[in-house]
Structures are given as structure tokens and as C-alpha cells.
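First the structure, in the form of C-alpha cells, and then the observations on it.
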Amino acid sequence: MKICLNKIILLSLLIITSCNIKKDVIPPLELSKLNLDELISKINNEELNSKWLSVKGKVKINSGGEKVSFGVNLKIHKDSLIWGSVTAPIIGEINRLMITQDSVYYINRVNSTWMIQPIDYLQEKLNAKFSYSVIQNIITLSTSLPNKNYLSQKRGEKYLIRSSTDSNQYIINIREEYLEGVDLEFKDNTIKVRYVGVQKLNNKTYPKNLIIETDKSGLSLDIAYSKINTSEADKISFKIPKSYNEIE
């Protein structure tokens with residue numbers, strides 16, 4: 001089974017979870033009383049609050065009408081590294097990937113190859129100036145909103161927020177009080193991030209489903225979060241077999 005590297009790298013951005021969540025229903029008449037600044041402050045406090053995050057899930061990839069599904073296992077060491085394993089039914093692991101603050105590590109078990117590149121390589125493949133922190137924040141629903149000098153527009157039960165310093169757009173779900181989407185505008189690409197439903201673990205909000213779409217490649221990813229755990233200690237493995245060949 002042959003998978004394009006940029007799909008696998010994008011795949012590693014994605015995550016997972018599953019816990020029952022109790023929704024605090026806000027009566028319609030109370031929506032107009034919400035203070036937007038307070039809502040932005042609440043969302044901006046949704047930082048990753050553990051040293052390690054372990055997630056599992058399923059991802060559906062749609063590229064040019066071709067649809068495939070995979071399993072995903074991720075481990076995130078806060079502000080340090082993102083480790084990912086991509087699996088296919090029957091076959092097992094087909095790719096292993098690790099992203100650090102400055103590098104991308106990749107193993108393709110299907111054709112027995114490996115690669116280590118600076119993080120600029122990832123940015124080149126995505127046509128976007130992604131940093132490690134942006135990737136981590138997307139995965140963990142920890143993206144911060146502009147809290148000053150922003151423009152806002154209310155549409156039904158959603159707020160659209162734009163910063164005066166960049167062209168990104170943020171969508172707030174007013175009723176459930178979470179960041180529902182982000183349109184990341186780059187020079188050569190627009191990446192749309194959407195969160196469908198949320199759930200809580202240790203006072204931190206995580207998505208139930210994450211959808212990522214890119215304008216340039218026509219690629220879309222739909223990730224269902226199935227299990228999530230946090231811990232203060234964990235470990236990862238990234239060993240390149242001696243028989244594998246380096247990708248030039």
C-alpha cells in the first residue's frame with residue numbers, strides 16, 4: 001500500500017479521544033449575555049496540562065476522490081516531540097513518524113526506507129509555515145485567539161474573530177464555549193481546521209472529531225478520536241532498522 005509522504009505527515013497532526021461529556025446547556029435567551037472577552041480568555045486557558053498525552057483514533061483520507069482509512073497512535077511530550085504510528089488493517093504499522101522543534105523523522109515500513117529532515121521540509125510539503133507549536137496546538141485544541149485589536153462578527157450561535165495583525169479567522173461555538181474552527185492563511189495555501197464536538201479530560205477540552213482541509217492539494221482528513229490518556233511519564237521508540245535505505 002503506497003501512501004504519499006505529505007499525507008502521512010499531515011496525518012500525524014491528528015488526534016483522538018473518547019470520554020463521556022456532560023454538556024452545560026445554555027438557554028437561548030442567555031446567549032446574548034455572554035461576554036466575548038471572557039469567552040476568548042476561557043478558550044486561551046485551554047493549554048495542554050500534562051507532560052505526556054497519548055491518543056488513538058481513526059482517520060479517513062480523501063485525496064482526489066480516493067478514500068482510505070487508517071489507525072493512528074500518537075504520543076506527545078509537551079513542547080518537545082510528537083511521535084506517531086500509522087497502521088492499516090491486517091498489515092499493521094506502515095509508517096512511523098516523529099516531529100521535534102527542529103526536525104522531522106520518518107520510517108516507511110512498506111518499502112523499507114527512512115528519512116530525517118529539518119522541519120522546513122514539512123513546511124515545504126504543506127506550502128505553509130508550520131512550527132512545532134502550531135502542530136501541537138491543532139492536535140490538542142490549544143490554539144490561542146487574539147485577545148486585543150481583533151474584529152468580531154456574531155452569526156447565530158457563533159462568533160467569527162479576525163486579528164488585525166494576521167489574516168487568520170477563528171470560529172467560536174458560543175453555546176458550548178469552545179474553538180470550533182480556524183482558517184490558517186499562508187502565502188501559498190489555506191488550511192481549514194474544524195472541530196466537531198468536544199469532550200473533557202482532566203479539565204482540558206479535546207475534540208471528538210478533527211477535520212483538516214487544504215486548498216492547494218485538495219486533501220481532506222477526518223479524524224475520529226477514540227481514546228486519550230495523560231501522564232507525567234512515558235516513553236517512545238524510534239529505531240531505524242539497519243536494512244532500511246535512506247531516502248535521498
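The values are calculated or read from the model by the stated rules, or taken from the named source; none is laboratory data. All figures in this text were calculated on a predicted structure; none of them were measured in a lab. A quick note on method: Cβ atoms are made from the backbone with ideal geometry, for glycine too, and the neighbour counts reach across all protein chains shown. All accessible areas refer to the heavy atoms of the entire protein, side chains included, with ligands and DNA or RNA removed. Shrake-Rupley method; radii C 1.70, N 1.55, O 1.52, S 1.80 Å.
With respect to the numbered conditions (1) β-branched (Val, Ile, Thr); (2) part of a strand (DSSP E or B); (3) surrounded by fewer than 17 Cβ atoms within 10 Å (Cβ to Cβ), which one is the sole condition not fulfilled by THR165? In the conditions (1) β-branched (Val, Ile, Thr); (2) part of a strand (DSSP E or B); (3) surrounded by fewer than 17 Cβ atoms within 10 Å (Cβ to Cβ), THR165 misses (2) alone.
In the list ASN173, ASN189, ASN147, which residue meets the criterion of being modelled with pLDDT under 90, within 21 Å of LEU39 (Cα to Cα) and out of contact with any Gly (no Cβ under 8 Å at 6 or more places or on another chain)? Step through it out loud before you land on a result.
Values: ASN173 fails: modelled with pLDDT under 90; ASN189 fails: within 21 Å of LEU39 (Cα to Cα).
Result: ASN147 is the single residue among ASN173, ASN189, ASN147 that is modelled with pLDDT under 90, within 21 Å of LEU39 (Cα to Cα) and out of contact with any Gly (no Cβ under 8 Å at 6 or more places or on another chain).
In this structure, does ASP188 turn out to be part of a helix (DSSP H, G or I) and more than 20 Å from ASN44 (Cα to Cα)? No: the conditions fail for ASP188.
Residue selection: GLU93 fails the criterion of being surrounded by 13 or more Cβ atoms within 10 Å (Cβ to Cβ), of a type in the set (Asp, Glu) and closer than 22 Å to GLU180 by Cβ. Is the range 74-92 home to any residue that is touching an Asp or Glu at 6+ places or on another chain (Cβ under 8 Å) and closer than 19 Å to VAL134 by Cα? Yes, there is a match, as at least one residue in the range 74-92 is touching an Asp or Glu at 6+ places or on another chain (Cβ under 8 Å) and closer than 19 Å to VAL134 by Cα.
Give the range 214-234 a look and list any residue that's outside any strand (DSSP E or B) and either touching a helix residue (DSSP H, G or I) at 6+ places or on another chain (Cβ under 7 Å) or crowded, with 16+ Cβ neighbours inside 10 Å (or both), or say none. Write out each step before concluding.
Filtering the range 214-234 for residues outside any strand (DSSP E or B) gives 215-218, 232-234.
Once the filter is applied, which keeps residues that are outside any strand (DSSP E or B) and either touching a helix residue (DSSP H, G or I) at 6+ places or on another chain (Cβ under 7 Å) or crowded, with 16+ Cβ neighbours inside 10 Å (or both), the range 214-234 yields SER217, ASP234.
When ASN203 is tested against (1) at negative phi; (2) in contact (Cβ under 8 Å) with a residue 60 or more places away in the chain, only condition (1) is not met.
Just so you know, in the range 178-206 the residues that are more than 14 Å from ALA128 (Cα to Cα) and open to solvent by 50 Å² or more (accessible area, probe 1.4 Å) include one that is nearest to the chain's Cα centre (by Cα), and it is ARG194. Run LYS129 past the list (1) assigned to a loop (DSSP other than H, G, I, E, B); (2) farther than 20 Å from LEU221 by Cα; (3) open to solvent by 70 Å² or more (accessible area, probe 1.4 Å) and report the number of the one that doesn't hold. All conditions pass for LYS129, except number (2). If you go through the range 62-76 and keep only what is farther than 13 Å from LEU221 by Cα and open to solvent by less than 30 Å² (accessible area, probe 1.4 Å), you end up with LEU74, ILE76. In the set (1) over 27 Å from ASN45 (Cα atoms); (2) outside any loop (DSSP other than H, G, I, E, B); (3) of a type in the set (Ser, Thr, Tyr), SER237 fails one condition alone, (2).
Taking the range 186-241 as the range and being of a type in the set (Ser, Thr, Tyr) and touching a Phe, Trp or Tyr at 6+ places or on another chain (Cβ under 8 Å) as the test, the residues that pass are TYR195, THR205, TYR206, TYR225, THR230, SER231.
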